[in-house]
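Data first, discussion second: the structure below is written as structure tokens.
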Amino acid sequence: MAHTFATDVLVAGAGPVGLTAAAELRRRGVSCRIVDRLPARLPFAKAVGIQPRTLEVWDRMGLARAAMEAAVPMRGQYLYINGAEKARTELSVPPEVPYGFAALPQYETERILDEHLGRFGTAVERGTELVSFSQDAHGVTCRLRTPSGAEEEVRTRFLMGCDGAHSIVRKGLGLTFEGGAFAEEYMLADVRVDWDLPPGYALRAMHTDGAGAVDDVLVCIPLPGRGRYRMSMMVPPELSTAGRTEAASDGVAHGLQTGRGPELADIQAVLDRLSPKPTTAFGIRWTSVFRISHRIVDRYGDGRVFVAGDAAHIHPPTGAQGMNTGIQDAWNLAWKIALAVEDGAAHPGLLASYDAERRPVGEEVVGRTVRHAVEGMENDPDDPATLMLREAQLLVGYRGSPIVDPAGEGRGPRPGDRAPDCEGLTERIAGYPMRLYDVLREREHVLLLYGAGAGAGAGPGLDRIVRTARDSSGGRLEVCVVLAPEADAQADADAGIEADATLLPAYVDSRGEFARLYAAGEPTAFVIRPDGYLGARFSPPDPQALAAHLAAVFATGGD
């Protein structure tokens, strides 16, 4: 049996979640292997909805442009009941949000992530399966089965289970996976139609019986290509896979099922019943039958082993929340593991914050998607604007996390909230206004000091907080200055803001957008984490409070 000890992290599973984890680890210089039992990517458009928050994540990763060029915009949805139009929803976000909703077939998402990972010299080891593992205080010993059938033993510091609803990692940890399954089965199809539905709009068409219960449904999500959609609909009895599904071995009835898939005639029959206009289906690419369960683990990790994505939570596809939630699981965990693999860099409790932050998100998503699947999204009690922001995953937050400061009261984003983008930041050399996300891109931990120009906190006070930022993080916290839009702000920026013998990057809030969106009316310090969330907010900037906050993240002592 071969032995390998030269990797920091083993990622099991090369779907969107595992690829995100591996790419983020490699981007930070962490050695990583990623394995997947399948010999090649599946050509299926399973998860297709891309939320605005996921595009923000991809912006920080450096692949938003590639995703947008491959995707189509999602502009809204038509709802039909018994042949009559009942509602038309427009998918929109506030103007300061840099990205809208999009649709992208899962195989394209995986291709883009796979190519991005390859830029760091790492490729997916396909046809390689994790069969078991054991861990101790210092690492994890994993047994892999290679494409030849031989076994390999791998010693790694951490193991990430991104291996789906039937996760070997989840089972190996002995995690519970409580929940249930929907009785209904559904057909999936990637197909074209010749109707004139406006581009970028989804269709949800339902039929209800005399008691008002839904007994037939058709959901069509636009895909790249003229008239092309990912359709889902109820399964006719002759295509049912009940009693012979892959889930029988572990009791988890979720995902694509084996057996005969629907044919074009099966799809056309549903369109004949439910399409709001007569239409003909053609150009079918693939079909399948799938089942839906709703489950969540009792914890997202144990020791040096963690689960993410479908390995941790499964739920109805309503609102396209699943893959997007899993990507953000990986996004949250990767920066923490990257810090933990540096000897003496991370606070001992940092990795425990993954469960503290992400499991409540998973619980909320599972509960909400089940309610929407049963009652309909149109019956959600939230006002439409709040519902839209929640579906866009822009309201995901970590207030109360052990590694963010208490949220407190006040206007603007609080610790644990997503750090919003803004426009109109000018720099002394660039001839165009920048967005805040442009400033944050390719940076990890950032301390933003608002209003730290001449006469507004410069001098010994600025020196001390910059020194604290550096000393309390082991030099890992970058400092940037945002100057209030005052008459002398550009002069301050041109002259340069210097603190503790360091020339700080300085940007002028020329339109006042930063001050408005962050509710910053006086000198304020904002700690922004690598995943784009606020870790702390201090007004006025307080070196002692900053050191106390950083002590919960980094192992290096403060001043």
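The values are calculated or read from the model by the stated rules, or taken from the named source; none is laboratory data. Note that the coordinates shown come from a computational prediction; the quantities given were computed from them, not determined experimentally. All Cβ positions, glycine included, derive from the backbone under ideal geometry; neighbour counts span all protein chains shown. Keep in mind that these areas ignore ligands, DNA and RNA; they rest on the heavy atoms of the full protein, side chains included. Shrake-Rupley method; radii C 1.70, N 1.55, O 1.52, S 1.80 Å.
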If a residue must be out of contact with any Lys or Arg (no Cβ under 9 Å at 6 or more places or on another chain) and small (Gly, Ala, Ser), how many such residues does the range 293-349 contain? 10
Count - residues of the range 534-545 that are buried (at least 22 other Cβ atoms within 10 Å of the Cβ) and under 28 Å from the mean Cα position of the chain (by Cα): 4
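Quick check on the range 151-165. Is at least one of its residues over 28 Å from Trp331 (Cα atoms) and either at pLDDT below 90 or surrounded by fewer than 23 Cβ atoms within 10 Å (Cβ to Cβ) (or both)?
Residues of the range 151-165 that are over 28 Å from Trp331 (Cα atoms), as a first pass: 151-152.
Cutting the leftovers down to either at pLDDT below 90 or surrounded by fewer than 23 Cβ atoms within 10 Å (Cβ to Cβ) (or both) gives us 151-152.
So far as the range 151-165 goes, yes, one or more of its residues are over 28 Å from Trp331 (Cα atoms) and either at pLDDT below 90 or surrounded by fewer than 23 Cβ atoms within 10 Å (Cβ to Cβ) (or both).
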Could you grab me the full set of residues in the range 341-359 that are open to solvent by 10 Å² or more (accessible area, probe 1.4 Å) and over 15 Å from Val11 (Cβ atoms)? Glu342, Asp343, Gly344, Ala346, His347, Pro348, Gly349, Leu351, Ala352, Asp355, Ala356, Arg359
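I'd like the full set of residues that are part of a loop (DSSP other than H, G, I, E, B) and over 29 Å from Ala330 (Cβ atoms), limited to the range 525-556. Full working, then the answer.
Restricting attention to the range 525-556, the residues satisfying the condition of being part of a loop (DSSP other than H, G, I, E, B) are 529-532, 539-542, 551-553, 555-556.
Of everything in the range 525-556, those that are part of a loop (DSSP other than H, G, I, E, B) and over 29 Å from Ala330 (Cβ atoms) turn out to be Ser539, Pro540, Pro541, Asp542.
What residue, of Arg299, Arg244, is surrounded by fewer than 20 Cβ atoms within 10 Å (Cβ to Cβ), at pLDDT 95 or above and part of a loop (DSSP other than H, G, I, E, B)? Spell out how you get there, then give the answer.
On the way: Arg244 fails: at pLDDT 95 or above.
Of Arg299, Arg244, the one residue that is surrounded by fewer than 20 Cβ atoms within 10 Å (Cβ to Cβ), at pLDDT 95 or above and part of a loop (DSSP other than H, G, I, E, B) is Arg299.
Any residue in the range 392-406 that is part of a helix (DSSP H, G or I) and open to solvent by less than 50 Å² (accessible area, probe 1.4 Å)?
Taking the range 392-406 as the starting set, the residues that turn out to be part of a helix (DSSP H, G or I) are none.
Checked the range 392-406: no residue is part of a helix (DSSP H, G or I) and open to solvent by less than 50 Å² (accessible area, probe 1.4 Å).
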Kindly state which helices (runs of 4 or more DSSP H) lie completely within the range 30-140 and contain at least 3 residues that are closer than 30 Å to Val305 by Cβ and open to solvent by 40 Å² or more (accessible area, probe 1.4 Å). 106-118
Within the range 360-386, work out how many residues are open to solvent by 60 Å² or more (accessible area, probe 1.4 Å) and closer than 14 Å to Ala312 by Cα. 3
Test for Gly225: is it at pLDDT 90 or above, over 19 Å from Ile314 (Cα atoms) and not aromatic (Phe, Trp, Tyr): yes
Which of (1) surrounded by fewer than 24 Cβ atoms within 10 Å (Cβ to Cβ); (2) at pLDDT 95 or above; (3) among the small types (Gly, Ala, Ser) does Ala6 not meet, given it meets every other one? (2)
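It is to be established whether one or more residues within the range 84-97 are under 30 Å from Thr208 (Cβ atoms) and polar (S, T, N, Q).
Taking the range 84-97 as the starting set, the residues that turn out to be under 30 Å from Thr208 (Cβ atoms) are 84-92.
The next check asks that each one be polar (S, T, N, Q); those that pass are 89, 92.
Yes, some residue in the range 84-97 is under 30 Å from Thr208 (Cβ atoms) and polar (S, T, N, Q).
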Kindly establish whether Asp421 is more than 17 Å from Val479 (Cβ to Cβ), in contact with a strand residue (DSSP E or B) (Cβ under 7 Å, 6 or more places away or on another chain) and surrounded by 18 or more Cβ atoms within 10 Å (Cβ to Cβ). no
Go through Ala430, Ala499, Ala452 for me and flag whichever is modelled with pLDDT under 90 and either surrounded by fewer than 21 Cβ atoms within 10 Å (Cβ to Cβ) or among the basic types (Lys, Arg) (or both). Ala430
Checked the range 361-391 for anything outside any helix (DSSP H, G or I) and small (Gly, Ala, Ser); matches are Gly376
Identity of the residue in the range 192-223, surrounded by 11 or more Cβ atoms within 10 Å (Cβ to Cβ) and small (Gly, Ala, Ser), that ends up farthest from Ala87 (Cα to Cα): Gly200
Filter pass, Gly179 being in contact with a Ser or Thr (Cβ under 9 Å, 6 or more places away or on another chain), buried (at least 23 other Cβ atoms within 10 Å of the Cβ) and not hydrophobic (A, V, I, L, M, F, W, C): no
Only one of (1) over 35 Å from the mean Cα position of the chain (by Cα); (2) open to solvent by 50 Å² or more (accessible area, probe 1.4 Å); (3) modelled with pLDDT of 85 or more; (4) not aromatic (Phe, Trp, Tyr) fails for Asp463. Which number is that? (2)
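Filter the range 198-237 down to the residues that are outside any strand (DSSP E or B), among the hydrophobic types (A, V, I, L, M, F, W, C) and touching a Lys or Arg at 6+ places or on another chain (Cβ under 8 Å) and list them by number. Before the answer, list the steps.
Within the range 198-237, the first condition is being outside any strand (DSSP E or B), and the residues that meet it are 198-200, 209-213, 223-227, 235-237.
Adding the requirement that they be among the hydrophobic types (A, V, I, L, M, F, W, C) leaves 211, 213, 223, 235.
Leu223 - this is the single residue of the range 198-237 that is outside any strand (DSSP E or B), among the hydrophobic types (A, V, I, L, M, F, W, C) and touching a Lys or Arg at 6+ places or on another chain (Cβ under 8 Å).
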Determine whether the range 281-292 contains at least one residue that is assigned to a loop (DSSP other than H, G, I, E, B), surrounded by 21 or more Cβ atoms within 10 Å (Cβ to Cβ) and small (Gly, Ala, Ser). no
Count, please, the residues in the range 337-360 that happen to be under 22 Å from His549 (Cβ atoms) and either touching a His at 6+ places or on another chain (Cβ under 9 Å) or assigned to a helix (DSSP H, G or I) (or both). 12
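Condition first: among the charged types (D, E, K, R) and either in a strand (DSSP E or B) or modelled with pLDDT under 90 (or both). Now tell me which residues in the range 433-449 satisfy that.
If the condition is that a residue be among the charged types (D, E, K, R) and either in a strand (DSSP E or B) or modelled with pLDDT under 90 (or both), then Glu442 is the only one that fits.
Among the residues of the range 148-169, are any among the acidic types (Asp, Glu), over 19 Å from Arg37 (Cα atoms) and part of a strand (DSSP E or B)?
Taking every residue of the range 148-169 in turn, none turns out to be among the acidic types (Asp, Glu), over 19 Å from Arg37 (Cα atoms) and part of a strand (DSSP E or B).
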